[in-house]
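First comes the structure, then the notes that go with it.
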Amino acid sequence: MRVVKKTAKAKESKAELSYGLLRSRILDGTYGPGYRLVMDQLARETGVSTIPLREAVRRLQSEGLVEVVRNIGARVAVFDSTQVEHTLNVLARLEGYATAISAPLMSPEQIEESREINARMVEALEEFDPTSFTALNRQFHFSIYQYCPDDHLANLLESEWARLDHMRRSSFTYVPGRARRSVVEHEHMLDLISMGAPAEEIERVACAHKIATAEALHNAHVTAV
């Protein structure tokens with residue numbers, strides 16, 4: 001019985017290791033969009049057998065980071081601007097609620113920490129680097145909903161942000177004017193949290209903030225077309 005438990009734990013450990021390895025390589029761009037995930041090749045690259053690798057790929061597929069295409073097999077997911085907009089709209093609803101329920105749990109000191117991150121975003125506007133600005137933007141939002149009391153919601157947020165990380169190209173690359181409005185909206189959200197505004201108002205403003213980015217991206221795409 002003990003041997004069975006040890007074997008099960010070993011398999012679970014290898015599957016978790018494989019998942020973490022493949023996920024990190026996808027998110028850092030080592031395996032870019034469209035990269036074919038051939039099991040035998042991955043096994044040679046990672047030194048892990050194909051069984052835990054297949055489990056890891058199935059898990060990444062459920063998260064939207066991997067897709068299975070007919071006559072091609074498993075590959076790193078390929079996203080277009082429409083899918084980015086959809087992800088932003090999903091995040092808008094999740095972030096609105098998460099921000100609202102996190103707000104009353106934030107101390108004045110914690111709110112000030114979020115303000116400091118936003119101040120760094122303002123400074124970053126001077127010599128605008130979309131990639132760095134996006135990283136600070138992520139840090140800002142997580143500085144608020146790290147206090148989210150709903151673990152399931154926090155996991156959903158992490159998953160959706162991971163999809164955006166995989167897309168890698170910052171939306172601010174296409175709509176740089178959105179960046180300046182974004183930091184103003186951040187400050188407004190923090191003012192509402194600081195003054196103890198009603199949850200409904202905080203949720204509405206936080207949701208509208210993300211939807212504005214999705215709409216700006218959509219309009220930029222339409223204009224380009």
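The values are calculated or read from the model by the stated rules, or taken from the named source; none is laboratory data. Remember, it's a predicted structure, so these values are computed and weren't measured experimentally. Just so you know, the surface numbers come from the protein's heavy atoms only, side chains and all, with ligands and any DNA or RNA stripped out. Shrake-Rupley method; radii C 1.70, N 1.55, O 1.52, S 1.80 Å.
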Integer Hz, Karplus 6.51/-1.76/1.60 couplings in order for the range 210-219, x for Gly and Pro: 6, 4, 4, 5, 4, 5, 5, 5, 4, 5
0 to 90° range, to nearest 10: angle between helix 108-124 axis and the chain longest Cα axis: 90
Solvent accessible area, Å² - residue 97, 1.4 Å probe, full protein context: 100
Ellipticity estimate at 222 nm from DSSP helix runs (n ≥ 4, -39,500 (n - 2.57)) divided over the chain, nearest 500: -25000 deg cm²/dmol
Hull volume in cubic angstrom per residue (convex hull over the Cα atoms of the chain): 154
Where 143, 107 fall by accessible area, highest first, once all protein chains stay in place (1.4 Å): 107, 143
Hz values of 3J(HN,Hα) by residue in the range 21-36 - Karplus curve (6.51, -1.76, 1.60), Gly and Pro given as x: 5, 5, 4, 5, 5, 6, 6, 8, x, 4, 9, x, x, x, 5, 6
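Rank these by accessible area, largest first, 1.4 Å probe: 160, 112. Working shown, then result.
Numbers: 160 35, 112 85 Å².
The most accessible residue leads, giving 112, 160.
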Amide H partners (placed H, <5 Å) of residue 66, local residues excluded: 61, 77
Residue-normalised accessible area of the chain, given per residue in Å² at a 1.4 Å probe: 56
Degrees separating the helix 151-167 axis from the principal Cα axis of the chain, which is the longest one: 80
